[in-house]
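Read-outs throughout are calculated quantities, based only on the coordinates presented, and are distinct from any laboratory measurement. Please read all numbers here as calculations on a predicted model, not as lab measurements. Glycine gets a Cβ as well: all are built from the backbone with ideal geometry, and neighbour counts include every protein chain shown.
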Amino acid sequence: MDVLIADNEKVVWQGKGDSVFLPLEGGDVVVMEQHSPMVGILRKGTLKVSGTDAFSIEVTRGVVKVKDNSIDVFIR
């Protein structure tokens, strides 16, 4: 699935992921292919993208949108 991670100034990371671990306010979520559409608020923690283009980043706050095998993450 396509993953975009951006802050208010630039794209931090963009690539493909098999799964994405999200530290959400309501509890941690792992998003995989064909996940139901959702939006969420990120809390402090580690966001992890697994797969060929593996990536991880510490986040303090942000929002996430999951739709059509695409994940857009906007962090602060």
Q: Considering Cα pairs under 8 angstrom that are at least six residues apart, work out the relative contact order of region 2-75 and quote it in whole percent.
A: 33 percent
Q. Along region 56-62, what does the Karplus equation 6.51 cos²θ - 1.76 cosθ + 1.60 (θ = phi - 60°) give for ³J(HN,Hα), rounded to whole Hz, x for Gly and Pro?
A. 9, 8, 7, 10, 10, 7, x
(Q) Can you tell me the length gained on complete extension of the stretch residue 28 to residue 60, counting 0.36 nm per residue apart and subtracting the Cα distance? (A) 10.1 nm
**Q.** Calculated from backbone phi, Karplus (6.51, -1.76, 1.60) coupling profile of region 40-54 in Hz, x at Gly/Pro
**A.** x, 10, 7, 10, 4, x, 9, 8, 10, 9, 9, x, 4, 9, 4
Q.
Taking the alpha-carbon distance from residue 16 and a cut-off under 15 Å, which aspartates and glutamates remain once sequence neighbours fewer than 8 residues away in the same chain are dropped?
A. 2, 33, 53, 68, 72
(Q) Rounded to the nearest 20 debye, what is the charge dipole size of region 2-75 about its Cα centre when +1 sits on each Lys and Arg Cβ and -1 on each Asp and Glu Cβ? (A) 180 debye
Q: Starting from the exponent 0.38 and prefactor 2.2 Å, build the expected Rg for region 2-75 from its residue count and divide its actual Cα Rg by it.
A: 0.96
